[in-house]
Amino acid sequence: MTNMKLLEQFRSFYFQNYPDDMETQIAYFAVFGGVDWDIDTTKPISELIQTLILDNFDIIDEKMRSLTLNDAINRKLLKALATGDRRIFSAFNKAGLNNKNGGVALNYLQEKGLIQLEYSREEHPRDKYPRTKLKRGEARHRISHKVLFTHPFIRFWFYFVVPHIKEIEAGKYDAFLKDFELRHNSYTSLVYEELSEVLLNYNLRDAHIVSSGSYWDANLEIDILTITQNGRIYVGECKWTNHKVNKKELHKINDKCQKLGIEPNQIVFFSKRGFSKELLQMQGASLALYSSDDFEALVKTKPQKKPYPLITRSA
């Protein structure tokens, strides 16, 4: 169940801009994915943001407002989804919305193709223990689905630009650029997680995948949980940080699996900066390690057709 739209955008970005390496490809795609611009990936991202986005702010802002009908509720919800934990109910609360007006906005944004739902695979305690009297907190627990943005640039805009929009409109960019410098690594982590799932499922394409995506419940979260028709379980964690992944992370994911009551056939780590020597010596059938270079597998083939861009050069 590969996310074909994201994969096609990723390939299109690569064959339009030809970055020098996959780490650069991922970092720049996380910001500019979904727009039909020529991106000089030899220049710093902050410089490109200045020349391509801030210097053309009025034109791009008009386009982004038109995508949301310039509706305050739609924009509030997108901002809450971009800057929060992506859970629908918490986004409604963060945006000051109720289930009615939040639901209307959510449906519009889905129909417009700006977001898509990622359904929770959590089992409610009521269904898991039908004959057990539940504690009050367990009985009142609400399972919340999450949202994914269909184009990385949409999330970038509502994650970084919209919170600073008044300053940007006044031509004051310092706070925005400082915020981007501080948080662009953590921002990129979600796109990296999505692409990591794409890569894992691409490598499992000969298997029949019955369920894939992130997993979350009231107690824990796992970046990737993929299950195939023959019952094989793949559990993945993604680290877009400047530190190598070490054995401690393996202990953490094993602990999560134990709490969830699953025995994975393979644990998979994706790391921007690679892995410790100890972890590299442990890789094998039950442990797979992916570095940035491994994402080259996704760009061996050009997209069959160029994805429809969110914003064209003429914008």
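The values are calculated or read from the model by the stated rules, or taken from the named source; none is laboratory data. Bear in mind that the values here come from a model prediction, so they are computed numbers and not experimental data. Don't worry about glycine lacking a Cβ; one is built from the backbone with ideal geometry, like all the others, and counts go over all protein chains shown.
Does TYR18 count as among the aromatic types (Phe, Trp, Tyr) and closer than 17 Å to LYS300 by Cβ?
So TYR18 passes the test.
In this structure, is TRP216 within 21 Å of HIS151 (Cβ to Cβ), aromatic (Phe, Trp, Tyr), surrounded by 14 or more Cβ atoms within 10 Å (Cβ to Cβ) and out of contact with any strand residue (DSSP E or B) (no Cβ under 7 Å at 6 or more places or on another chain)?
no
Could you list, in sequence order, all residues of segment 234-255 that are over 15 Å from LEU279 (Cα atoms) and surrounded by fewer than 17 Cβ atoms within 10 Å (Cβ to Cβ)?
Answer for segment 234-255, where residues must be over 15 Å from LEU279 (Cα atoms) and surrounded by fewer than 17 Cβ atoms within 10 Å (Cβ to Cβ): THR241, ASN242, ASP255.
Given the condition at pLDDT 95 or above, outside any helix (DSSP H, G or I) and farther than 26 Å from THR188 by Cβ, answer yes or no: does some residue in segment 229-252 qualify?
yes
Do we have SER66 as surrounded by 14 or more Cβ atoms within 10 Å (Cβ to Cβ), of a type in the set (Gly, Ala, Ser) and not assigned by TED's automatic domain parsing to the domain that holds SER212 here?
no
Condition test on SER12, is it closer than 24 Å to ALA105 by Cα and assigned to a helix (DSSP H, G or I)?
no
Please specify each residue of segment 84-115 satisfying the condition of being touching a Phe, Trp or Tyr at 6+ places or on another chain (Cβ under 8 Å) and surrounded by fewer than 18 Cβ atoms within 10 Å (Cβ to Cβ).
If the condition is that a residue be touching a Phe, Trp or Tyr at 6+ places or on another chain (Cβ under 8 Å) and surrounded by fewer than 18 Cβ atoms within 10 Å (Cβ to Cβ), then ASN98, ASN99 are the ones that fit.
Are any residues in segment 69-83 on the phi < 0 side of the Ramachandran plot and surrounded by fewer than 16 Cβ atoms within 10 Å (Cβ to Cβ), and if so, which ones?
ASP71, ALA72
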